[in-house]
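Written out below as structure tokens is the structure these notes cover.
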Amino acid sequence: MTHELQTYGLILLFGLVAIEGCGVPLPGETALATAAVLAADGRMNILAVIAVAAAAAIAGDNTGYWIARLGGRALIARIPVVRDAVPRFLPRSERFFERYGSRAVLVARFVAGLRITAAWLAGLSRMPYRRFVVFNATGGILWSLLIGLVAYEFGRAAETAVTRYGLYTALVIVVLAAVAFSAHRVWRRRRASIERTEIR
């Protein structure tokens, strides 16, 4: 990821984040975090990274929303596995978005599984577009700022640690940070599982 971002830069970042928002499971969040770390090292501009990621998130989610709203049901009908599952989950998702739509779209950007499905569910459920676009844009901007700035500061902290404390101490710090990050992801997955249970 680091080599590709250094080679193709913001274009690749935009593509990965936008396509992920359309519903394709690509590492958009990883690309954003990697670009932010590169910015901390002076190889990219953090403001450009955050702006491009936010624009890509909004564009991708809006594309996924309209694909699902205008032709999603017909497309799903051509895929046997998905077609058989739709009658079970679609009515529940429609009720979920009707009741929690705004919050669901906002929070979905921060949850791995929901990040690639929320726009489609909102479109299939025919969530009012004005409501979708406002909360989706808010979520995309907040997500880009949070992930971008956290990764940027982590990159700067890692460089400072190597300079000040030596490589081995810095590695210990990185390992501890990785453990904390993994614990956070486990918490997010559990939260996503609880939200899926609420849909049922």
- Message: Taking the conditions exactly as written (under 11 Å from the mean Cα position of the chain (by Cα) and modelled with pLDDT under 80), does residue 111 satisfy them or not?
- Response: yes
- Query: Which one of these is part of a helix (DSSP H, G or I), out of contact with any Pro (no Cβ under 9 Å at 6 or more places or on another chain) and modelled with pLDDT of 85 or more: 15, 9?
  - Reply: 15
- Item | Complete set of residues in the stretch 18-48 that are without any contact (Cβ under 8 Å) to a residue 40 or more places away in the chain, in a loop (DSSP other than H, G, I, E, B) and of a type outside the set (Lys, Arg) | 26, 27, 42, 44, 45
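The values are calculated or read from the model by the stated rules, or taken from the named source; none is laboratory data. Model, not experiment: these values are computed from the prediction. All Cβ positions, even for glycine, are placed from backbone atoms using ideal geometry, and neighbour counts span all protein chains on display.
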